[in-house]
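Let me begin by presenting the structure, written as structure tokens, before commenting on it.
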Amino acid sequence: MAERGGLEREIIELRRQLQEHNHRYYIDDAPTISDAEYDALLRRLQRLETEAGLPIPPDSPTQTVGAPPSTRFTPRRHKVAMLSLENAFSDAEMAAFDRRLRTLLGDGADCEYVVEPKIDGLAVNLTYIDGRLVCAATRGDGTQGEDVTANARTIADIPWRLRGEPPPELEIRGEVLMDRPTFTRLNRERRAEGAAPFANPRNAAAGSLRQRDPRVTAGRGLRFFAYAVGAGLEAIPAANQEGLLAWLRGCGLPVQPWQKCATIDEIVALVARWERELRHSLPYDIDGLVFKLNDFAQQQRVGALARAPRWAIARKFAAEEATTRVAAIRWQVGRTGVLTPVADLDPVAVAGVTVTHATLHNIDELRRKDVRPGDRVVVRRAGEVIPEIVRSLGREGTRAEPPDAPETCPACGARTRRATGEVAIRCDNISCPAQLLQHCRHFVSREAMDIDGLGRKLLTRLVDEGMVTSIADLYRLPWSRIAEWEGMGEKKIANLRQAVEASKSRPLERFLFALGIRHVGAATARALAGRFPSLERLQAAPIDALTAIDGIGEAVARAIRDFFSEPRNRRLLDELAGLGVRPQVAEGGADAPRPLAGRRIVVTGTIEGWSRRALEQRLRALGAALSSSVSARTDLVIAGERAGGKLTRARELGVSVLNSADLPNWLEAMED
């Protein structure tokens with residue numbers, strides 16, 4: 001008897017929990033558990049109600065659809081009830097569904113199914129009178145929903161008038177959704193405005209459709225797909241679901257592409273292909289496939305249960321969201337030096353994969369989501385994307401303190417920096433082991449030190465085997481050991497050694513670019529090398545001396561100072577110098593005459609006798625700052641043949657123009 005009482009108490013508690021979750025999902029658009037957890041609770045309630053053998057009340061979540069409509073909108077009753085769907089989570093359950101239908105139909109009847117993607121959106125019922133849209137209502141509890149007509153009229157996919165000759169009264173059932181690109185844009189805008197982002201596209205679609213102001217809905221980019229008909233079905237010239245979908249499309253209503261299958265083997269293969277390959281090819285979220293008996297006569301014969309038709313089922317995919325616990329939060333150093341907070345999780349299955357870690361993106365996201373060690377969290381994994389934490393559900397009892405931003409790099413111990421106005425926390429140590437391979441690849445690249453032969457594969461092996469633990473190790477490679485590797489013959493080793501030796505005397509601008517200083521590209525490196533006569537002078541340059549260079553602002557200057565202020569970077573530069581790396585200043589030296597210093601010059605058109613690159617190098621050697629556009633700050637435009645808009649702009653602004661014919665004499669005068 002006590003056991004019986006415990007069973008009844010659990011049933012009552014499950015009903016209460018599910019009714020509360022229904023309200024949060026359908027009315028508040030703010031679920032606190034994942035779909036997979038909800039499905040598990042509902043299936044347990046169904047099993048316990050069967051085991052108890054007691055009468056099931058009509059308001060049990062196993063007998064109802066959705067939740068009662070809220071009081072925010074005018075209630076609207078559906079002519080024909082909007083039922084839900086039974087769910088299947090395995091091939092075995094799909095096989096049982098197929099057997100059950102064949103048994104109900106009897107006489108060895110063939111079953112053909114129409115298969116449509118199951119959209120993760122908001123179900124609505126559109127009522128058309130004489131082909132004109134007169135009402136749009138949410139599903140609500142299946143018999144009565146909320147009137148959202150004004151909002152639905154703003155959705156471009158929903159026609160105000162149907163094409164053709166529809167029945168006098170017609171209910172169109174479909175799904176309102178928000179695609180993933182629109183969802184991403186909307187959440188980015190909400191964060192910028194200081195508003196809380198939506199948890200997922202389904203909640204965003206529901207919240208957008210259920211707005212008081214239709215103008216808000218109009219700006220949300222919602223979409224709609226039709227999939228069924230309530231009232232008026234008998235007047236439609238279609239004998240099956242496939243014909244109905246084609247008819248709906250002919251009326252001007254969007255429908256999803258559909259497929260057909262007839263055997264359990266075809267069902268299993270189709271589900272596997274969609275879950276493995278096709279699921280993420282759509283620009284919107286789906287959480288399964290809907291299988292419907294194609295023939296309407298067969299649908300009528302098998303009938304419906306209290307909350308769902310017998311002739312249809314939703315084959316749910318493995319959940320892409322799940323709930324688990326955060327064991328710890330640590331900081332991971334990326335290959336570009338950015339530190340990312342990562343949550344270590346209690347293992348949980350998400351989308352068919354066991355997840356033990358999830359990204360929290362950056363310190364601002366960590367604080368906004370307020371995730372702390374010990375919290376229960378919702379984790380999402382979509383496609384091949386790294387799992388992320390969607391939101392925290394908190395924890396019972398006292399929560400841990402929120403994690404602080406790290407002051408030192410966990411990989412190398414260098415001091416971290418966060419530039420003003422930036423989200424990213426960075427480690428600027430060029431020898432940081434977490435960034436080493438990326439730094440080495442950039443250092444040896446053609447535009448930098450141009451060490452031909454040190455490709456990605458060889459560099460990766462050198463780093464993996466501990467032969468390169470810093471940039472400096474590139475100049476003390478153990479050649480005898482490398483010569484033992486397959487594919488590293490005598491000639492290849494000789495060429496590589498020659499390339500390494502030649503790189504020691506690359507121009508200063510190439511060396512500065514090779515160092516990978518944040519914000520310092522090839523053009524900025526040239527400007528720095530043109531201004532400072534040596535690496536030592538650049539290292540000692542104050543902020544104001546850097547910002548005095550054309551094109552270098554406060555942020556770039558700070559990044560340069562931060563790089564040279566890091567003790568590990570200074571030690572590396574000293575080490576490179578000790579290994580014979582001596583960057584060369586521009587021809588004539590940094591102290592050579594620079595008559596064009598501070599002058600902004602634009603070259604446009606074809607200059608006879610000069611390649612564009614050679615002329616620009618000559619001008620830079622004379623101190624000029626080259627620009628690609630003409631403005632009031634431009635000092636001179638050198639114009640050749642076919643000079644176009646830049647020449648016109650120069651004349652409009654009164655900027656001096658030098659014709660290519662006069663260029664040789666002008667250069668000679670500058671160099672005298």
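Computing the accessible area with a 1.4 Å probe over protein heavy atoms, can you report the carbon and sulfur percentage for the chain?
Numbers: 15920 of 32590 Å².
C and S fraction of accessible area: 49 percent.
Once R0 is set to 25 Å, what does the formula 1/(1 + (r/R0)^6) return for the Cβ-Cβ distance between Asp147 and Asp59, expressed as a FRET efficiency to the nearest 0.05?
Details: r = 23 Å, r/R0 = 0.93.
Taking R0 as 25 Å, the efficiency between Asp147 and Asp59 is 0.60.
In whole Å and largest first, what semi-axes does the C-alpha gyration tensor of the stretch 80-152 yield when each eigenvalue is scaled by 5 and square-rooted? Working shown, then result.
On the way: eigenvalues 225, 48, 26 Å².
Taking √(5λ) for each eigenvalue gives 34, 15, 11 Å, largest first.
How much length is gained if the chain between Val216 and Leu282 is pulled fully straight, taking 0.36 nm per residue apart and subtracting their Cα-Cα distance, in nm to one decimal? Let's see the in-between values first.
Values: separation 66, 0.36 × 66 = 23.76 nm, distance 2.55 nm.
Using 0.36 nm per residue and subtracting the Cα-Cα distance, I get 21.2 nm.
In the set [x] 1.01; [y] 1.10; [z] 1.31, which value of Cα Rg over 2.2 N^0.38 Å was calculated from the structure you see?
Checked against the structure: label [z].
Round to the nearest 0.05 the FRET efficiency obtained for Arg456 and Thr648 when R0 = 35 Å and r is the Cβ-Cβ distance.
Values: r = 46 Å, r/R0 = 1.32.
The formula returns an efficiency of 0.15 here.
First select every other residue whose beta carbon is under 14 angstrom from the beta carbon of Ser631; then total the charges, Lys and Arg +1, Asp and Glu -1.
On the way: positive: Arg599, Arg600, Arg633, Lys646, Arg649, Arg651; negative: Asp550, Asp635, Glu652.
Residues close to Ser631 contribute a combined charge of +3.
Just to confirm my understanding: which cysteines in the chain have no other cysteine beta carbon less than 4.7 Å from their beta carbon?
Cys111, Cys135, Cys251, Cys261, Cys440
As a check on your grasp of the helix formula, calculate [θ] at 222 nm for the chain: sum -39500 (n - 2.57) over DSSP H runs of n ≥ 4, divide by the residue count, round to the nearest 500.
-10000 deg cm²/dmol
Using r as the Cβ-Cβ distance of Thr74 and His519, and R0 as 56 Å, what FRET efficiency do you calculate, to the nearest 0.05?
Plugging the Cβ-Cβ distance into 1/(1 + (r/R0)^6) gives 0.45.
To test your reading of the geometry: what angle, between 0 and 90 degrees and rounded to tens, separates the Cα axis of helix 35-52 from the longest principal axis of the chain?
20 degrees
Under 17 Å from a label point 7 Å along Cα→Cβ of Glu51: give me every residue in the stretch 76-93 with its amide N that close.
none
With axes computed from alpha carbons, what is the tilt in degrees of helix 180-192 against the longest principal axis of the chain, rounded to the nearest 10 within 0 to 90?
Result, in degrees: 70.
Compute the Cα gyration tensor for the stretch 108-197, then decide on rounded, prolate or oblate, letting a ≥ b ≥ c be the square roots of its eigenvalues: rounded whenever a/c is under 1.5, prolate when a/b is larger than b/c in the other cases, and oblate in all that remain.
Numbers: a/c = 2.19, a/b = 1.42, b/c = 1.54.
Since a/c reaches 1.5 but b/c is at least a/b, the shape of the stretch 108-197 is classed as oblate.
So if each residue of separation counts as 0.36 nm, and I subtract the Cα-Cα distance between Ala239 and Ala661, what length gain in nm does that give? Present the calculation step by step, with values, prior to reporting the outcome.
Working: separation 422, 0.36 × 422 = 151.92 nm, distance 8.24 nm.
Computed gain between Ala239 and Ala661 is 143.7 nm.
Quick one: longest stretch of the chain between exposed loop GluC sites (Glu not before Pro), exposed meaning at most 14 other C-beta atoms within 10 Å and loop per DSSP?
Details: sites that count: Glu193, Glu384, Glu396, Glu407, Glu422, Glu447, Glu465, Glu484, Glu486, Glu587, Glu608.
Longest site-free region, per DSSP loop and neighbour criteria: 1-192.
Can you give me the Kirkwood hydrodynamic radius for the stretch 458-603, using every pair of distinct Cα atoms, in Å to one decimal?
Details: mean 1/r = 0.0581 Å⁻¹.
In the stretch 458-603 this quantity evaluates to 17.2 Å.
In whole Å, what is the distance between the alpha-carbon centres of the stretch 509-565 and the stretch 87-129?
About 66 Å separates the Cα centre of the stretch 509-565 from the one of the stretch 87-129.
Per residue, what accessible area does the chain have, given a 1.4 Å probe and all protein chains present, in Å²?
Details: 32590 Å² over 672 residues.
I get 49 Å² per residue for the chain.
At Arg188 and Ser480, where each label point lies 7 Å from the Cα along Cα→Cβ, what is the point-to-point distance in nanometres?
According to this spin-label approximation, the distance is 5.7 nm.
The values are calculated or read from the model by the stated rules, or taken from the named source; none is laboratory data. Quick caveat, the model's predicted, so the values are computed rather than measured. Every residue, glycine among them, receives a Cβ derived from its backbone with ideal geometry; neighbour counts consider all protein chains shown. Just the protein is used for accessible areas: all its heavy atoms, side chains included, with ligands, DNA and RNA removed. Shrake-Rupley method; radii C 1.70, N 1.55, O 1.52, S 1.80 Å.
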